[in-house]
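J.: Shown below is the structure under consideration.
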Amino acid sequence: MKVFQKTFFVAVIGMLFGAPAFAQTTPPQTPPATTPPAQTPPAQTPAAPAGQKPAPPATPAQPPKPFPEGAKIAYVDIQMIASNSAEGKAASAKIQEWEKKKTAELAEKNKQAQALQTKLQQGGNVLSESARAQSEKELQKLQRELTALQEDAQQERQEMTAQLQGEFQEKLNPIIEQVATEKNLQVVFSVRDSGIVWAYSGIDLSAEIIKRFDAASKAAPKK
């Protein structure tokens, strides 16, 4: 029973691969002053006022409700699967590692442009006309290189995202189909895309899909 087609996978994009893309910017005319980010102190649990009993501990999560016998419809939360499955975490980690590396490259190039801009500003009349012209030429070249790097990074990220999405979908869909077939289901909805405003939580297959998905990932041969 073929349950899921490509359109079903759209829900994953925002959650798993939706980090902000690189902005198309050029070095500022004047180097901005950098201020170290404020250190946020750890949250402190307020003490109960004198004579008042402390608040009771949070109620533990309720156990999942049983899947109703004979049910023909179920749903999954793709974002939950993407966030909590081993495959989803691995894909997200690849994107984050790539972005960390690319951001460092862009920052270094921008640092060079800002340093040259500062040199021009502080040089005043000290620099000769030829030296100033050469520095301005170098600055323009750095700005063009920075813009090109940003555009290349944007394209590369889109291609990487599309590849990871395809790989994730290719691995996930057979797991969903397997569970749906075992339960003899006729329809499985993506809860965030279906317009469902309420559903019995017992027909949520997300947790079971994650378990099966992770088990299949461990059993798969490593490339």
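Nothing in this text is a laboratory measurement; each read-out follows from the coordinates by a stated rule. Remember, it's a predicted structure, so these values are computed and weren't measured experimentally. Positions of Cβ are backbone-derived with ideal geometry, glycine not excepted, and every protein chain shown enters the neighbour counts.
J.: Among residues other than LEU120 whose Cβ falls under 9 Å from its Cβ, what is the net charge (Lys/Arg +1, Asp/Glu -1)? Write down the numbers at each step before the final one.
T.: On the way: positive: LYS119, ARG132; negative: GLU136.
So the surrounding residues net to +1.
J.: Placing +1 at every Lys and Arg Cβ and -1 at every Asp and Glu Cβ, with all other atoms neutral, what dipole size does region 64-223 have around its Cα centre, in debye to the nearest 20?
T.: Numbers: 23 positive and 23 negative charges, 80 e Å.
Computed charge dipole of region 64-223: roughly 380 debye.
J.: Which whole-Hz couplings ³J(HN,Hα) result when phi for each residue of region 176-192 is put into the Karplus expression 6.51 cos²θ - 1.76 cosθ + 1.60, θ = phi - 60°, listed in order with x for Gly and Pro?
T.: 4, 4, 4, 5, 4, 5, 4, 8, 6, 8, 9, 9, 10, 8, 8, 4, 7
J.: When each pair of different Cα atoms in region 64-223 is counted once in the 1/r mean, what is the Kirkwood radius in angstroms, to one decimal?
T.: 20.0
J.: Compute the length gained on full extension between ALA107 and MET160: take 0.36 nm times their separation in residues and subtract their Cα-Cα distance, giving the result in nm to one decimal. Walk me through the numbers before you get to the answer.
T.: Numbers: separation 53, 0.36 × 53 = 19.08 nm, distance 2.11 nm.
Between ALA107 and MET160, full extension yields 17.0 nm more.
J.: Still on this structure, please answer the following. Once the other residues with Cβ under 13 Å from the Cβ of GLU138 are scored (Lys, Arg +1; Asp, Glu -1), what is the net sum? Mind dumping the intermediate values first?
T.: Details: positive: LYS109, LYS119, ARG132, LYS137, LYS141, ARG144; negative: GLU136, GLU145.
So the environment of GLU138 carries a net charge of +4.
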